[in-house]
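Below: the structure, in structure tokens.
Please treat every number below as a calculation from the coordinates, not as lab data. Bear in mind that the values here come from a model prediction, so they are computed numbers and not experimental data. Backbone-built Cβ (ideal geometry, glycine too); neighbour counts: all protein chains shown.
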Amino acid sequence: MAGQSRARHLVQGVLAACLFAAGTAAAEKVALTFDDLPLNGALPAGTTRSAITRETLAVLKRLDVPPSYGFVNARKLEGSPDGALALRLWVDAGHPVGNHAYSHMDLHKNSAEDYTRDIVQNEPALELLSTRDGTVSDSWRWFRYPFLREGETLDKRRAVRAFLAQRGYRIAQTTLDYEDYLWNTAYARCLDRGDKEAMAWLRESYLEMATAYLKSGRETARMVFGREISHVLLLHLGAFSSTILPDLVALLRKEGFQLTTLEDAQSDPVYALDPDVASKWGGTLTELFMEARSLKYTYPKKPREKLEGICKAT
Ligand SMILES: [Zn+2]
């Protein structure tokens, strides 16, 4: 009896150790990234780009979010000192900037030559923002493809990739994306109207979609890579950011994510893999691998029509 009891204790001990290990080691990492700086979507009445950035930065600081990349389209700075101030605030708060192409060009509607020119045209602003005490940091040599479109033909895809590698860029991938930008302009309109009920629905629908897409992002990553990976979440800096970020970060932590930097997330070896696929619509790294391997998955449906119509004049 004593032997059986010891054995049982031993088994229970091993099980507990396994559960403990699973519970502690399983924290999946996620890096937050923000596109379309200085501003994605509409600007609500009576505010500024720099005010939106300042409020978002305060929330990131309060929530202890690690340095997070902001991907810049410098064309938005033309004639906008306030946009330039917003970017200055971003880097002064300790967050890096990366390249998102000067004019947010769509690779699928332009040649590889025009596209790479658009990337180069964005560089002086990034260099300036990454200069401190006369020293330029290379931190801006990360490229995020606008619209997540990496080429609808293999020729274009490979030409742009070769250009980026030769110029010292790393590709800022994404693995979690629920088109959060849909909420920015909708929120700006509802805020202008002071429609509290509509704003409450925006928060509720956003969190519902974020929850659903965190789940689908994890499931599809397991389908493609056969294990849990470190994730990169695509967000857009806009009118809704500072309002929704506390709830989003709480959700990520509740779901077991540990927030990290882009560099750390992309040190996961999956980010060195290239799906090398000609994709008509583009997508996250995981989605492009799904396409390359003809893997099927039913993604949750977003309330796109309601978001596009909400708080519009009738
Ligand atoms: Zn963008």
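Assorted remarks:
- Helix-derived mean residue ellipticity, 222 nm - over the chain, DSSP H n ≥ 4, -39500 (n - 2.57), to 500: -15500 deg cm²/dmol
- For a paramagnetic label modelled on Arg54 (point 7 Å from Cα along Cα→Cβ), amide N atoms under 20 Å away belong, within segment 233-272, to 237-246.
- Under 19 Å from the Cα of Lys196 - lysines, other chains or at least 8 residues apart: Lys306, Lys312
- The residue among Ala198, Ala93, Leu262 whose Cα reaches farthest toward the positive pole of the charge dipole of segment 26-309, with charges on the beta-carbon of Lys, Arg, Asp and Glu, is Ala198.
- Overall size of the chain from C-alpha positions, given as principal axis extents largest first: 84, 49, 45 Å.
- Compared with the alpha-carbon gap, the fully stretched path from Lys296 to Ala250 is longer by 13.5 nm at 0.36 nm per residue.
- Take the Cα of Lys196, step 7 Å toward its Cβ, do the same at Ser137, and the gap between the two points is 4.2 nm.
- Our estimate of slack between Asp92 and Gln258, defined as 0.36 nm per intervening residue step minus the Cα-Cα distance, is 57.3 nm.
- Entry note: segment 193-314 has Rg to Rh equal to 1.01, where both radii use alpha-carbon atoms and Rh is the Kirkwood radius.
- Span per principal axis, largest first, for the Cα atoms of segment 48-96 (Å): 33, 18, 13
- What you get for the chain, charging only the Cβ of Lys and Arg (+1) and of Asp and Glu (-1), is a dipole of about 700 debye around the Cα centre.
- At R0 = 25 Å, FRET efficiency that the Cβ-Cβ distance of Thr47 and Leu128 yields, to 0.05: 0.50
- Mean shadow area of segment 55-208 over all directions, Cα convex hull, nm²: 11.3 nm²
- Highest mean packing comes first when the peptides 93-100, 197-204, 241-248 are listed by Cβ atoms within 10 Å, giving 93-100, 241-248, 197-204.
- The stretch between Ala278 and Ser111 holds 58.7 nm of extra length on full extension. This uses 0.36 nm per residue minus the Cα-Cα distance.
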